[in-house]
Amino acid sequence: MELDDLIKQTSGWLKGTGPHSEIVISSRVRLARNIEKMIFSNWATDPQLEEALTIIEPAVKEIEEIKNGGLLLRIKDASNIDKQLMVERHLISRELISKKEGRAVAISSDETISIMINEEDHLRIQVLLPGFALEECWKNIESIDNRLEKKLNIAFSAKLGYLTACPTNTGTGMRASVMLHLPALVLTKQINRVVQAIIKLGLTVRGLFGEGTEATGNFFQISNQVSLGRSEHEIIDNIKRILNQVMEYEQNARKVLITKDKNNLEDQVWRAYGILKNAHIISSAETIELLSDVRLGFDLGLIKGLAREIINELFILTQPAHLQKLEAKTLTAHKRDVKRAQLIRERIK
């Protein structure tokens, strides 16, 4: 696989399939790992980063999902647009691209697996799947982790567990998260109460693009805060228990909207669809909000003839780097707004 191939395919986690896909966009499990007796990436010099990369790269290349049709790319070899493209596709973090030397990423052909090398930790392994599939994510990532540990000396303490750059990741080194679409809770003004309850129960709430982003488009990424003192299965079971309640609240809120406020709901949904279908200039922020309304309309059966996969994909394809990659050149903000509107019209007509 080449980096340019990414723009030609739908990411595996955007397929719109999997359990509870009408509410859950995707599930992710990430593991933080470090090489024994080597300085953490954030404190390492460029030569030390290169040394870690030299040790890690051969082991990652031998992972079957990377070896068979995947991609291993050094960050310094990627253009600024390509780096932003990978961020928009949830394959790498902004932190990985903040520096060039000694950093790399490996990506499976279906984009459900990515392995960042020398981000905050020497290894950040990620499995990202569509729908509410945390257990499947864990099964897949545990297999990858076991294979890597056979080839690499991973920093581990019998007392603390896996040693990581950030104390909150020490222990299992695991961060499990789920991306939820909760428009009905927003429309019925219940979302703040639900978010506060989630936080009190020890989970973190972020936006569509993770840490440091707001919950635009009614998307909420919910994950565990701490991994020390809990097993991987305990972390996943806790998230599942809480999110099952959140999904029930969202389903109930949707029933309220469709039974007690259907006229206003239909008006909002169809206005959003009409704008997206006919606009010739549209911003990224407006696009996300309108697509959220259309997705709710589709999930409630108000809009026919669209596929959830197309709606999901448009959330990513309409981001700045994707638009510029499609045009194979740098675009001004105005030209991106024009290109974005054109792309949406072509995809949903």
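Some notes on this structure:
- Filtering ARG28, ARG33 for residues that are in contact with a Ser or Thr (Cβ under 7 Å, 6 or more places away or on another chain), modelled with pLDDT of 95 or more and of a type in the set (D, E, K, R) leaves a single hit, ARG28.
- When the range 75-111 is limited to residues that are surrounded by fewer than 22 Cβ atoms within 10 Å (Cβ to Cβ) and β-branched (Val, Ile, Thr), the one that is nearest to GLU50 (Cα to Cα) turns out to be ILE97.
Matching residues to (1) farther than 30 Å from GLU135 by Cβ; (2) acidic (Asp, Glu); (3) not assigned by TED's automatic domain parsing to the domain that holds SER11:
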{"position": "ASN244", "(1), (2), (3)": "no, no, no"}
{"position": "ILE281", "(1), (2), (3)": "yes, no, yes"}
{"position": "SER284", "(1), (2), (3)": "yes, no, yes"}
{"position": "LEU302", "(1), (2), (3)": "yes, no, yes"}
{"position": "ALA307", "(1), (2), (3)": "no, no, yes"}
{"position": "ILE344", "(1), (2), (3)": "yes, no, yes"}
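- Only one entry of LEU72, LEU148, LEU128 meets the criterion of being under 18 Å from GLU36 (Cα atoms), of a type in the set (A, V, I, L, M) and either surrounded by fewer than 20 Cβ atoms within 10 Å (Cβ to Cβ) or modelled with pLDDT of 95 or more (or both), and that entry is LEU148.
For every residue, the table says whether it meets (1) out of contact with any Ser or Thr (no Cβ under 6 Å at 6 or more places or on another chain); (2) at pLDDT 95 or above; (3) among the polar types (S, T, N, Q).
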site	(1), (2), (3)
ARG271	yes, yes, no
GLY274	yes, yes, no
ILE281	yes, yes, no
ALA285	yes, no, no
LEU291	yes, yes, no
VAL294	yes, yes, no
LYS304	yes, no, no
ILE310	yes, no, no
GLU313	no, no, no
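- Residue pairs whose Cβ atoms lie under 6 Å apart, separated by 6 or more positions or on different chains, with the first residue in the range 247-275 and not assigned by TED's automatic domain parsing to the domain that holds VAL186 and the second among the β-branched types (Val, Ile, Thr) and part of a helix (DSSP H, G or I), are ALA272/VAL294; TYR273/VAL294.
- Qualifying residue in the range 316-337 (condition: more than 24 Å from THR10 (Cα to Cα) and small (Gly, Ala, Ser)): yes
- Residue check for PHE298: of a type outside the set (Val, Ile, Thr), assigned to a helix (DSSP H, G or I), in contact (Cβ under 8 Å) with a residue 12 or more places away in the chain and over 29 Å from SER79 (Cα atoms): yes
- Single residue of the range 7-55 satisfying the filter (acidic (Asp, Glu) and either outside the structural domain of CYS137 (by TED's automatic domain parsing) or surrounded by fewer than 16 Cβ atoms within 10 Å (Cβ to Cβ) (or both)) that is farthest from GLU327 (Cα to Cα): GLU36
- If you go through the range 98-120 and keep only what is under 26 Å from PHE219 (Cβ atoms) and of a type outside the set (Gly, Ala, Ser), you end up with VAL105, ILE107, ASP110, GLU111, THR112, ILE113, ILE115, MET116, GLU119, GLU120.
- Matching entry among LYS200, LYS240 (being closer than 30 Å to LYS159 by Cβ and touching a residue at least 60 places away in the same chain (Cβ under 8 Å)): LYS240
- Restricting attention to the range 15-43, the residues being touching a Pro at 6+ places or on another chain (Cβ under 7 Å) and over 21 Å from SER223 (Cβ atoms) number 3.
- Wholly within the range 1-110, helices (runs of 4 or more DSSP H) carrying at least 3 residues that are in contact (Cβ under 8 Å) with a residue 60 or more places away in the chain: 46-61, 80-88
- Between ASN146, ASN118, the distinction of being touching a residue at least 24 places away in the same chain (Cβ under 8 Å) and not aliphatic (A, V, I, L, M) belongs to ASN118 only.
The values are calculated or read from the model by the stated rules, or taken from the named source; none is laboratory data. The model shown is predicted, which means the values in this text are computed figures rather than measured ones. A quick note on method: Cβ atoms are made from the backbone with ideal geometry, for glycine too, and the neighbour counts reach across all protein chains shown.
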